[in-house]
Structures are given as structure tokens and as C-alpha cells.
Amino acid sequence: MESGLLGKGRSAAHLGRMSLFTNNMMKKFDGSSLGKFARGGFGKLGSRLKRNRKLLYLKWEHVEADKTKKGKEIRSQVLIDALKINQYHGRAEFKVTEFDTFGLEDLSFKTFVKVDDAYYMPVKKFSPPYLKWEKVDADEVKKGSKIDSTILAEALQKRVHKNGWAVFTETEFDAFDLHCLSYDSYINVDSALYRPVPKFKPRLKRYTF
């Protein structure tokens with residue numbers, strides 16, 4: 001009967017030794033040690049996760065007033081001034097060090113800020129593909145497929161940044177009515193070549209203690 005309850009090869013003495021070993025191990029992790037681990041381990045993880053969360057809100061874009069109806073307005077003169085200075089064609093991007101100085105908390109993708117008569121919201125991290133285009137060399141498009149689109153060419157002429165890239169909103173890009181695109185697609189605009197910037201999913205860091 002004893003072997004049936006304790007299992008094959010097990011005995012009361014054996015389980016007693018296991019219990020003693022477990023109790024001794026638990027004593028090593030007393031309240032102060034566990035608290036120290038929580039502060040040192042989980043505390044560091046919490047601060048890292050909090051910092052990584054801020055990375056979601058480094059990009060802001062101009063939106064229509066209707067999009068803010070269900071949102072939450074934040075009032076931050078520092079952010080307003082920064083958007084006025086950094087915005088380019090309705091978009092702005094900040095460095096982590098810059099964003100830290102804004103002192104913003106409890107942000108979400110429904111948060112918005114009013115800058116004069118314009119509204120800005122954080123850009124969702126996983127936006128649709130092909131919204132960002134960059135200038136490339138001829139060697140980089142040798143194996144690509146050329147597309148002909150007057151509306152996209154004209155938009156790139158107006159939107160392209162001095163650094164050779166351009167970003168469109170979903171609404172703007174839908175109006176181009178482009179089909180069968182890939183990251184190898186390219187377009188010729190006044191002897192300059194442009195193609196979509198490939199999107200990569202951010203990789204979460206792993207933390208060990």
C-alpha cells in the first residue's frame with residue numbers, strides 16, 4: 001500500500017529528505033533576500049520595460065480632428081513647442097533623450113495634442129508597408145521591378161526630405177492606387193530612384209537575473 005501511494009522506488013524516508021532539502025532552500029531566500037532580489041531584479045526589468053514603452057511614442061503625425069473624438073488630450077507646452085520645431089510635412093520624430101525631457105506619462109495611441117489649429121497623435125509602431133520611401137543608387141534596383149505612377153512621382157517630388165526619404169499617411173498612399181508592390185519595386189523621379197523602405201519588427205530584449 002505504501003509503494004502505491006508514494007510511487008515506485010519512493011519511501012517515506014526519501015520524501016522526508018526531499019522535504020528537508022526544500023525547507024533548507026527556502027530559508028536561504030528569507031524575506032530580506034527576496035526583497036533585495038525583487039528590487040534589484042524586477043526593479044531593473046520594470047525600468048527597462050518602462051523605457052521600452054516610451055519607444056512606441058517617439059513618432060507623431062498630424063491627424064484630422066475626427067480621429068481625436070474618442071482620444072484623450074494631453075496638455076504639454078514642451079511637446080507642443082517640440083512638434084512645431086521638428087514636424088516635417090505633418091510628421092515628427094524624437095530621440096529617446098529628447099522624449100524623456102517632455103515628462104509625459106500614461107500615453108496611448110489614442111492620446112493627442114493640439115498644436116495651434118492642428119492635432120497630432122503617436123504613430124502606431126506597426127503601420128502598413130510602403131509608406132516610407134528612400135532614394136537609392138542604380139545598383140540597388142538592378143533586380144527590382146520598375147513602376148510607373150505619375151501621382152506617386154509627383155508626391156515624392158513634393159514630399160521628399162533633404163536626406164532622401166519621404167513618408168506618406170495611409171490615406172495619401174491609398175489615393176495612389178498602387179498594386180503588386182514589393183520592397184524591390186522602384187520608381188524614377190527626375191533621374192532619381194526611389195523604393196519602399198523595408199519594415200522590420202522590433203525584437204524584444206531578453207532579461208536574465
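Please identify the pairs in which a residue from segment 65-79 that is more than 11 Å from residue 110 (Cβ to Cβ) and free of Cβ contacts under 8 Å to residues at least 60 places away in the same chain has its Cβ atom under 9 Å from the Cβ atom of a residue that is among the β-branched types (Val, Ile, Thr) and outside any helix (DSSP H, G or I), counting only partners at least 6 apart or on another chain.
Short answer, once both residue conditions are applied: 75/113; 76/113; 79/113; 79/115.
Of all residues being farther than 17 Å from residue 106 by Cα and in a strand (DSSP E or B) in segment 54-64, which is nearest to the chain's Cα centre (by Cα)? Just the residue, please. Let's see the steps before the verdict.
Going residue by residue through segment 54-64, those that are farther than 17 Å from residue 106 by Cα are 61-64.
Subsequent filtering for residues that are in a strand (DSSP E or B) retains 61-63.
Details: 61: 14, 62: 18, 63: 19 Å.
Result: 61.
Using the structure shown, decide if residue 130 is part of a loop (DSSP other than H, G, I, E, B), in contact with a Leu (Cβ under 9 Å, 6 or more places away or on another chain), in contact (Cβ under 8 Å) with a residue 40 or more places away in the chain and buried (at least 18 other Cβ atoms within 10 Å of the Cβ).
Details: part of a loop (DSSP other than H, G, I, E, B): yes; in contact with a Leu (Cβ under 9 Å, 6 or more places away or on another chain): yes; in contact (Cβ under 8 Å) with a residue 40 or more places away in the chain: yes; buried (at least 18 other Cβ atoms within 10 Å of the Cβ): yes.
Yes.
Can you find even one residue in segment 141-153 that is within 23 Å of residue 198 (Cα to Cα) and at pLDDT below 85?
no
Among the residues of segment 156-169, what is the count of those that are more than 18 Å from residue 87 (Cβ to Cβ) and either out of contact with any strand residue (DSSP E or B) (no Cβ under 7 Å at 6 or more places or on another chain) or hydrophobic (A, V, I, L, M, F, W, C) (or both)?
Filtering segment 156-169 down to residues more than 18 Å from residue 87 (Cβ to Cβ) leaves 156-157, 164.
Narrowing the set further to residues that are either out of contact with any strand residue (DSSP E or B) (no Cβ under 7 Å at 6 or more places or on another chain) or hydrophobic (A, V, I, L, M, F, W, C) (or both) leaves 156.
Residues that pass the stated criteria total 1.
Taking segment 76-111 on its own, how many of its residues are farther than 17 Å from residue 165 by Cα, outside any loop (DSSP other than H, G, I, E, B) and within 17 Å of the chain's Cα centre (by Cα)?
Going through segment 76-111, the residues farther than 17 Å from residue 165 by Cα turn out to be 76-85, 95-111.
From what is left, the residues that are outside any loop (DSSP other than H, G, I, E, B) are 77-85, 96-102, 111.
Next, only the ones that are within 17 Å of the chain's Cα centre (by Cα) stay: 96-100, 111.
The qualifying residues number 6.
Considering only segment 142-182, state which residues are touching a residue at least 24 places away in the same chain (Cβ under 8 Å), hydroxyl-bearing (Ser, Thr, Tyr) and under 25 Å from residue 59 (Cβ atoms).
Once the filter is applied, which keeps residues that are touching a residue at least 24 places away in the same chain (Cβ under 8 Å), hydroxyl-bearing (Ser, Thr, Tyr) and under 25 Å from residue 59 (Cβ atoms), segment 142-182 yields 169, 182.
Here's the yes/no breakdown for (1) of a type in the set (S, T, N, Q); (2) surrounded by 15 or more Cβ atoms within 10 Å (Cβ to Cβ); (3) in a strand (DSSP E or B); (4) under 19 Å from the mean Cα position of the chain (by Cα):
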site	(1), (2), (3), (4)
151	no, no, no, no
155	no, yes, no, no
162	no, no, no, no
171	yes, no, no, no
175	no, no, no, no
179	no, no, no, no
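The values are calculated or read from the model by the stated rules, or taken from the named source; none is laboratory data. The shown structure was predicted, so the numbers you read here are calculated from the model rather than taken from an experiment. Using ideal geometry, Cβ is built from the backbone for each residue, glycine included, and neighbour counts are taken over all protein chains shown.
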